[in-house]
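Worksheet for the structure shown next.
The values are calculated or read from the model by the stated rules, or taken from the named source; none is laboratory data. Fair warning: this is a prediction, and the values are worked out from it, not measured in the lab. No Cβ is skipped: glycine too gets one built from the backbone with ideal geometry, and neighbour counts run over all protein chains shown.
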Amino acid sequence: MEELFMTMNAINSVNSTTNSYQTSTASKTASTSTDKTTTSDKAETGVVYEKSSQTDKDTVTKKTDYAMVAKLKADAEQRTSQLRSLVEKMMTKQGTAIANADSMWSFLADGNFTVDEETQKQAQADIAEDGYWGVEQTSDRILDFAKALSGNDPEKADLLIDAFKKGFEDATKSWGKDLPDISQRTYDAVLDKFDKWKNGSTTETAGTETEN
């Protein structure tokens, strides 16, 4: 049962990815603004600067897919909320109040809880190989989220990988010990998929690079 409740940390770690990427984007936006000002100054002195059509195409292609980001975040938040409700229900039955996320993870890590049949069946379905919180679906969602944040730009992979690792470390600290096996396997799957995306090893990425 511990595995179900901690697998959600893999998708929650994407929030750290979002913050790190958006901070980087804000910095680059400021830099872009400065570049535009410089270009404008040159134009006033008779220097003409024209962007190539290829650059324009790249800019459009790499644009952050905000709609996809919002959809993935909303989906993750909904699922997380549902799971949290199950945990709260279980804890309430045992007379244990939940104050915040960290206390919930600590409670689960201790293993001092019992699970009713309904919750157990749902948990088993969720962490199955083809379940929503299973290794494949969870790692796929994290990579999809990363691609949407970066506009499917593999050059941003290292930044997003670092953010993912930080989120995983935070989840481990909240858990208080090594995360369950399913979370570790999800971690490995995410890094493997990041690596393939970064190096153009997947059909989808290869197709995108060909278009560019």
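Figure legend. Inter-residue proximity from region 146-173: first residues touching a residue at least 12 places away in the same chain (Cβ under 8 Å), second residues assigned to a helix (DSSP H, G or I) and of a type in the set (D, E, K, R), beta-carbon distance below 7 Å, spacing 6+ or different chains. Indicated pairs: Ser150/Lys156; Pro154/Lys198; Ala157/Lys198. Under the condition of being under 17 Å from Leu179 (Cα atoms) and among the acidic types (Asp, Glu), which residue from region 95-125 is modelled with the lowest pLDDT? Filtering first and then ranking leaves Asp102.
Name every residue in region 114-133 that is part of a loop (DSSP other than H, G, I, E, B) and without any contact (Cβ under 8 Å) to a residue 40 or more places away in the chain, in order of residue number. Selection gives Thr114, Asp116, Ala128, Glu129, Asp130, Gly131. Scanning region 177-212 for residues that are modelled with pLDDT of 90 or more, farther than 20 Å from Gln137 by Cβ and surrounded by fewer than 15 Cβ atoms within 10 Å (Cβ to Cβ) turns up just one, Asn199. Whenever a residue of region 181-201 is in contact (Cβ under 8 Å) with a residue 60 or more places away in the chain and aliphatic (A, V, I, L, M), it has no partner that is assigned to a helix (DSSP H, G or I) and exposed (fewer than 13 other Cβ atoms within 10 Å of the Cβ) lying with C-beta atoms less than 6 angstrom away and at least six residues away or across chains. All conditions in (1) modelled with pLDDT under 90; (2) over 21 Å from Leu72 (Cα atoms); (3) of a type outside the set (A, V, I, L, M, F, W, C) hold for Ser150, with the sole exception of (2).
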